[in-house]
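Quick note: the coordinates plus some simple rules give every number you see, no bench work behind them. For clarity, every value in this text was computed on a predicted model and none was experimentally measured. We place every Cβ from the backbone using ideal geometry, glycine too, and count neighbours over all the protein chains shown.
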Amino acid sequence: MAEEKNRLVIVASRGTADGLYPALILATTAVAQGKEAYLYFTFGGMKLLTKQMAESIKPSVDLGVSKEQLEQLLSRGGMPSLLDMLRMAKESGVKIYACSPTMNLFGMKKEDLVEVVDDIIGASTFLEIASDPKTLALFI
Amino acid sequence: MSVVKPVLTVDVRGEMCPMPVLKTRQAITQINIGDVIEVLATDPASKSDLESWARKTGNKIVAVEEAETQAGVYRFLIQRLR
């Protein structure tokens, strides 16, 4: 029988609330289940790791609700804000990685990132982490 | 139905996935092995989510019942086993 996958790796590539919540929900739940979890933020997803942008992330047009409406619905369900959820993830042991090519592209510096980032990595490091046979890797 | 006495209550009524599992996990680390916590939840997925969480973490759901006083509220008794 194949061994159970005990590591979850997620590429969070979208800079919308409905693109980022699922990544954070799955990563925090994975840790609660005793797995290791890694979140690799890239392209649009990097907004959540960027001080100047993290609080202004909106839902996608596809979701059909405004930022305010979504925040109201989420808080009714006891759901923290994206940034609080990110901090919760970090505190619970989720590893948070920023994408180096995205940072180069937009001229971002380490000082621009929110304080939870564990490391800035590129494609090769990411692939090494994701290549472990006991890893479940998702692209969101 | 159960004579087990919980040492802690996690009230996540009204809260959505993943909060019931995250808060249950946080609570179970605060009790001794062998002790039991009570979880009150309304999320319709909480039953399957907490059962799956218990299987993965090796803890035991001693009882699940729909609370008699409030329809749509699930009451779980979960024993810390490790």
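For chain A, modelled as a GNM whose springs connect Cα atoms under 10 angstrom apart, the maximal fluctuation among A:Gly107, A:Gly15, A:Gly44 occurs at A:Gly107. The range B:25-82 to the range A:32-52: how many Å between their Cα centroids? Comparing the Cα centres of the range B:25-82 and the range A:32-52, I get a distance of 28 Å.
3J(HN,Hα) couplings calculated from phi for the range A:61-73 with the Karplus curve 6.51 cos²θ - 1.76 cosθ + 1.60 (θ = phi - 60°) are, in sequence order, 4, 4, 6, x, 10, 7, 4, 5, 4, 5, 4, 5, 4 Hz; Gly and Pro show x. Please state the shape class of the range A:7-139: rounded when a/c is under 1.5, otherwise prolate if a/b exceeds b/c and oblate if not, all from the C-alpha gyration tensor. Oblate shape, in that a/c is at least 1.5 and b/c is the bigger or equal ratio.
Looking only at A:Val11, A:Val114, A:Val94, which one moves most when chain A is put into a Gaussian network model with springs between Cα atoms under 10 Å? Looking only at A:Val11, A:Val114, A:Val94, the largest GNM fluctuation is found for A:Val114.
With a threshold of 30 Å on the Cα-Cα distance, the over-threshold entries among A:Lys67/B:Lys23; A:Lys95/B:Lys5; A:Lys109/B:Lys56; A:Lys58/A:Lys110; A:Lys51/B:Lys56; A:Lys5/A:Lys110 are A:Lys95/B:Lys5; A:Lys109/B:Lys56; A:Lys51/B:Lys56; A:Lys5/A:Lys110. Please identify, among B:Glu65, B:Glu51, B:Glu38, the residue showing maximal mean-square fluctuation in a Gaussian network model of chain B using a 10 angstrom Cα cutoff. For chain B, modelled as a Gaussian network with Cα springs under 10 Å, the answer is B:Glu65.
Each residue in B:Thr69, A:Thr29 was given a count of other beta-carbon atoms within 10 angstrom of its own, and listing them fewest first yields B:Thr69, A:Thr29. Taken one residue at a time, the phi angles of the range B:42-55 give Karplus couplings (6.51, -1.76, 1.60, θ = phi - 60°) of 10, 4, x, 8, 5, 5, 5, 5, 6, 5, 5, 4, 5, 4 Hz. Gly and Pro are set to x.
Around the amide H of A:Phe139, modelled in the peptide plane, lie the amide H atoms of A:Val11, all under 5 Å away and 5 or more residues distant in sequence or on another chain. Classify chain B: rounded, prolate or oblate, from the alpha-carbon gyration tensor (a ≥ b ≥ c, eigenvalue square roots; a/c under 1.5 rounded; otherwise prolate if a/b is larger than b/c)? Because a/c hits 1.5 or more and a/b fails to exceed b/c, chain B counts as oblate. Over the protein assembly as shown, DSSP H runs of length four or greater, each weighted -39,500 (n - 2.57), average out per residue to a 222 nm ellipticity of -10000 deg cm²/dmol. Applied to the range B:31-38, the Karplus parametrisation 6.51 cos²θ - 1.76 cosθ + 1.60 on θ = phi - 60° returns per-residue 3J(HN,Hα) values of 10, 7, 4, x, 6, 10, 10, 10 Hz, with x for Gly and Pro.
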